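Q: What follows is a single structure, and I will ask about it in a moment.
What follows is calculated from the coordinates using simple rules that are stated; it is not laboratory data. Keep in mind that this is a model prediction, so the values were computed, not measured. FYI the Cβ positions are ideal-geometry reconstructions off the backbone, even for glycines, and counts take in every protein chain you see.
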Amino acid sequence: MTELSAARPDRMISVREVFGIDTDLRVPAFAEGEEHVPEIDHAYRFNPDVTLALLAGFSRGRRVMVQGLHGTGKSSHIEQVAARLNWPCVRVNLDGHVSRLDLVGKDAVVLREGKQVTEFQEGIVPWALQRPVALIFDEYDAGRPDVMFVIQRILERDGKLTLMDQNRVVSPHPGFRLFATANTVGLGNLSGLYHGAQRLNHAQIDRWNIVATLNYLPRPEEIAIVQARVPQFADAAGRKLIDSMVAVAELTRNGFAAGDLSTLMSPRTVITWAENMEIFRDPALAFRLSFVNKCDEAERAIVAEYFQRCFDRELDESHQLAMQAG
Ligand SMILES: Nc1ncnc2c1ncn2[C@@H]1O[C@H](COP(=O)(O)OP(=O)(O)OP(=O)(O)O)[C@@H](O)[C@H]1O
Ligand SMILES: [Mg+2]
């Protein structure tokens, strides 16, 4: 196998054929995959706007950030585009545990011919930078300031990284690509949903060439996604059931927007609910286990009412509501 750093995109593929989008655009791809290429998820449904933004990232080297509420498919969207292009891809989650040294690298003790020696071990950023790799910074808005400082350097125009302790400058490989996902647009935890989200300064956000958003989808599309994930509900009866489930999810999103709820159901929660239904065979029980028990106790009665409205049957929590009202 050839060394990854020697690989180049070596074919052009049709966006229409591969992604089903009505365009004559062709994008570079690799004929052969390697171990860092994500696996194709055949059930994944592409959102054309987001897909085109991501393809501009891959074909034109634009830095693309995908922003949106949790569980809307941001991380998997980037991976699934990479999978179709056979583009190697690594994801780094910038949650509070990642440090500057994890990204850049550090001195480590290693064994060389039976002797202990101290050697610099490259972190994930210089490693990716020197290869045709799509580096995804997940939870970009949760990055600590020391980590963001490192990232800021590769966001400069030439994208070079200086390894200070090493006296070495690393230049980006022509196939290196940079992506990020975030729940907020760098304004911090305004909604109260995203604890740990940092405020990002505008110079930081400015360096991203394209910001695509992936929030909730039209109901038929969300239903199709859930059906694709849980094929047991792919028939007409299943569709009706999932329609009601997505309706409940929409009520929680509206309730959240109106300030009645402090949490909401993401598409990921709806998928989990459908999966749990395969196990428990009862929408109410599966709903309780997948969502209701995650809610603040004071809000469970409201959620139970949403369920009742969409399923025309009671959830046990409805009795509490009746008691409160009485
Ligand atoms: N369009 C879609 N087609 C098929 N499955 C999807 C789609 N969108 C999301 N999913 C599924 O929903 C789940 C959540 O997706 P993902 O983890 O990519 O969301 P996210 O937006 O990155 O979430 P977070 O903000 O929490 O990181 C995954 O299991 C994914 O496979
Ligand atoms: Mg994600």
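Q: Using amide H atoms built in the peptide plane, which far-off residues or other-chain residues are under 5 Å from LEU261 H to H?
A: PHE256
Q: Rounded to the nearest 0.05, what FRET efficiency do ASP260 and GLU221 have when you use their Cβ-Cβ distance and R0 = 25 Å?
A: 0.45
Q: Longest segment of the chain with no trypsin sites (Lys or Arg not before Pro) in a DSSP loop having at most 12 other Cβ atoms within 10 Å?
A: Here the longest segment lacking exposed loop sites spans 1-156.
Q: On to the next question. Once you put a point 7 Å from the Cα of ALA228 and another 7 Å from the Cα of ASP107, both along the Cβ direction, what distance in nm separates them?
A: Simple spin-label model gives 5.1 nm for this pair.
Q: While we're looking at this one, here's another question. Which GluC sites (Glu not before Pro) in the stretch 83-133 pass both tests, a DSSP loop state and at most 12 other beta-carbon atoms within 10 Å?
A: GLU113
Q: With r defined as the distance between the Cβ atoms of ARG207 and ALA43 and R0 fixed at 51 Å, what FRET efficiency is calculated, to the nearest 0.05?
A: 0.90
Q: At 7 Å along the Cα-to-beta-carbon direction for both ASP243 and ASP316, put a label point, then send me their distance in nm to one decimal.
A: Reported label-point gap for ASP243 and ASP316 is 3.1 nm.
Q: Additional query: So which lysines pass the test for LYS160, namely a Cα distance under 19 Å, with those fewer than 8 places away in the same chain ruled out?
A: Filter leaves LYS106.
Q: Roughly what would the spin-label model give for ASN93 and ARG144, points 7 Å off Cα along C-beta, in nm?
A: About 1.6 nm separates the two model spin labels.
Q: Here's another thing I want to ask about it. Enumerate the whole-percent occupancy of each 20 Å bin, from 0 to the last occupied one, for all C-alpha pair distances of the chain.
A: It works out to 28, 50, 21, 2, in whole percents.
Q: Here's something else I'd like to know. Determine the calculated [θ] at 222 nm for the chain from helices alone, applying -39500 (n - 2.57) to every DSSP H run no shorter than 4 residues and normalising by the residue count; nearest 500 deg cm²/dmol.
A: Value at 222 nm, helices only, nearest 500: -12000 deg cm²/dmol.
Q: For a label point 7 Å from the Cα of GLN166 along Cα→C-beta, name the residues of the stretch 107-132 whose backbone N is under 17 Å from it.
A: Counting only backbone N, you get 107-110, 118-132.
Q: Next question. For VAL90, VAL147, VAL117, VAL37, what's the fewest-to-most ordering of other Cβ within 10 Å of each Cβ?
A: VAL117, VAL90, VAL37, VAL147
Q: While we're on this one: Going toward the positive end of the dipole of the chain, with +1 on Lys and Arg Cβ and -1 on Asp and Glu Cβ, which of VAL90, VAL246, ALA29 do you reach last?
A: Farthest along the dipole direction, towards plus: ALA29.
Q: Let me ask another. Once the piece of chain linking ARG153 and SER76 is laid out straight, how much longer is it, given 0.36 nm per residue of separation minus the C-alpha distance between them?
A: 25.1 nm
Q: Same structure, new question: For VAL117 and ALA236 in one chain, what is 0.36 nm times their gap in residues minus the Cα-Cα distance, to one decimal in nm?
A: Result for the pair: 36.3 nm of gain on full extension.
Q: What is the sum of charges around PRO88, taking Lys and Arg as +1, Asp and Glu as -1, for the other residues whose C-beta is under 15 Å from the C-beta of PRO88?
A: Result for the neighbourhood of PRO88: -2.
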